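Here's the structure, in structure tokens; my notes come after.
The values are calculated or read from the model by the stated rules, or taken from the named source; none is laboratory data. All of these numbers come straight from a predicted model, not from anything done at the bench. Positions of Cβ are backbone-derived with ideal geometry, glycine not excepted, and every protein chain shown enters the neighbour counts. The accessibility values were calculated without ligands, DNA or RNA, using every heavy atom of the protein model including side chains. Shrake-Rupley method; radii C 1.70, N 1.55, O 1.52, S 1.80 Å.
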Amino acid sequence: MASRQAFRSLAASTPSYTTTSTTTLRAATTAASRRCASTFANTTTTTTTRTAAARRSTSSSRLQQGQGRSNGNKRSYSSTPGGSPPPRDTNKISFWPFVALIALTSGGYMLLVNRRKDMPPNPTSSSSAAAAPAPATTTTPAFSPSDVTVIFVLGGPGAGKGTQCARLVRDYGFTHLSAGDLLRAEQDRPGSQYGQLIRDCIKNGAIVPMEVTVALLENAMRDTLVSGKTKTGRFLIDGFPRKMDQAVKFEEVVCPAKMVLFYDCPEQEMEKRLLERGKTSGREDDNAESIRKRFRTFVETSMPVVDHYEREGKVVKVDSTPGPEKVYEETRKQLRRVFGDKF
């Protein structure tokens with residue numbers, strides 16, 4: 001019974017407790033809402049105020065800039081005291097000085113090059129070049145073609161050049177100068193500085209340097225004229241020139257050639273003659289290996305000389321395949337055609 005009374009007493013007091021708590025909670029909530037609203041209003045007001053101030057500042061700056069441009073086109077800087085311009089950034093790299101330096105350097109170089117083109121030759125260099133030793137050549141030929149007649153006698157090794165020259169010397173008073181004979185005599189001469197060089201060239205079928213051969217021919221021609229006590233003479237130069245530069249050098253230094261007497265013979269016939277001659281000649285180059293080298297050298301270096309003079313109309317060709325007598329008759333016939341009655 002006592003329990004029921006206590007329960008009822010508790011139930012009766014519960015509504016009063018609930019009503020009081022609800023009222024208090026509502027009051028607190030209302031107060032917090034008011035405080036939030038007040039804070040939001042204050043924040044909004046501050047933001048609005050700052051935005052307006054910024055807009056006024058921007059408008060003022062633009063107005064001052066416009067006034068500056070109208071008054072002397074001077075820009076006004078309102079963000080700094082007194083309208084002075086902001087300080088420059090000294091950390092930035094300016095490329096204009098480098099561009100200017102490159103332009104000035106290039107222009108100076110081009111000016112120097114153009115000035116050097118117009119300058120006269122350096123007198124020091126000219127004097128040095130003039131003082132340098134000149135080649136052992138003369139500006140004019142040693143012999144005049146009006147006094148000396150030169151006939152180049154060309155043909156492959158074994159074509160019969162020496163045989164025909166001997167007959168012309170016998171019948172017409174020519175002086176026969178064999179380049180090969182002069183070189184062999186020089187190589188055997190005691191104390192010759194060119195002896196070993198000549199020996200090696202002949203053995204290998206190579207061409208002796210032209211300075212040596214031209215000098216030997218010039219000396220031989222001079223000795224002939226001096227010994228005959230005359231300034232006139234007729235020379236058959238056998239086996240020379242073997243290269244185009246030899247021909248040019250000889251005509252510049254010694255004497256221009258009147259004509260070229262070319263003995264044409266097949267290679268097989270020439271090889272047979274040389275091998276037969278080698279049995280008794282005792283020459284180092286009369287062997288099969290040297291003969292073939294001499295053939296190649298003649299075709300590669302001497303035939304261009306024949307072609308050159310043929311274009312100038314100075315070549316007389318004679319077929320040297322027949323026997324020596326028939327070849328000689330043809331030689332005389334061709335020479336009379338060139339020299340006429342004077343031959």
Exercise for review: Of all residues in region 262-289, count the ones that are of a type in the set (Ser, Thr, Tyr) and in contact with a helix residue (DSSP H, G or I) (Cβ under 7 Å, 6 or more places away or on another chain).
Suggested key: 1
Exercise for review: Would you check if there is a residue in region 185-199 being over 30 Å from LYS333 (Cβ atoms) and β-branched (Val, Ile, Thr)?
Suggested key: yes
Review point. Got a number for residues in region 294-307 being surrounded by fewer than 16 Cβ atoms within 10 Å (Cβ to Cβ) and out of contact with any helix residue (DSSP H, G or I) (no Cβ under 8 Å at 6 or more places or on another chain)?
Key: 5
Point to revise | Only listed residue being open to solvent by 60 Å² or more (accessible area, probe 1.4 Å) and over 23 Å from PHE152 (Cβ atoms), chosen from GLU329, GLU271, GLU310, GLU276 | key: GLU276
Review point. Inside region 248-268, can you point out the residues that are closer than 21 Å to ILE291 by Cβ and open to solvent by 70 Å² or more (accessible area, probe 1.4 Å)?
Key: ASP264, GLU267, GLN268
Revision key, fill the gap. Screening GLN164, GLN196, GLN187 for residues that are of a type outside the set (Val, Ile, Thr), farther than 16 Å from SER302 by Cβ and in contact with a Pro (Cβ under 8 Å, 6 or more places away or on another chain) leaves only GLN164
Check your understanding: Using beta carbons and a limit of 6 Å, which pairs, at least six apart or on different chains, have the first residue in region 241-269 and under 15 Å from CYS165 (Cβ atoms) and the second one assigned to a loop (DSSP other than H, G, I, E, B) and charged (D, E, K, R)?
Key -> MET259/LYS314; VAL260/LYS314
Practice item. Within region 207-231, count every residue that is without any contact (Cβ under 8 Å) to a residue 12 or more places away in the chain, in a helix (DSSP H, G or I) and among the β-branched types (Val, Ile, Thr). Key: 1
Check your understanding: Any residue at all in region 238-247 that is assigned to a strand (DSSP E or B), buried (at least 20 other Cβ atoms within 10 Å of the Cβ) and among the aromatic types (Phe, Trp, Tyr)?
Key -> no
Study note, to complete from the structure: Just one listed residue, out of VAL316, VAL338, is surrounded by 18 or more Cβ atoms within 10 Å (Cβ to Cβ) and out of contact with any Pro (no Cβ under 6 Å at 6 or more places or on another chain), and it is VAL316
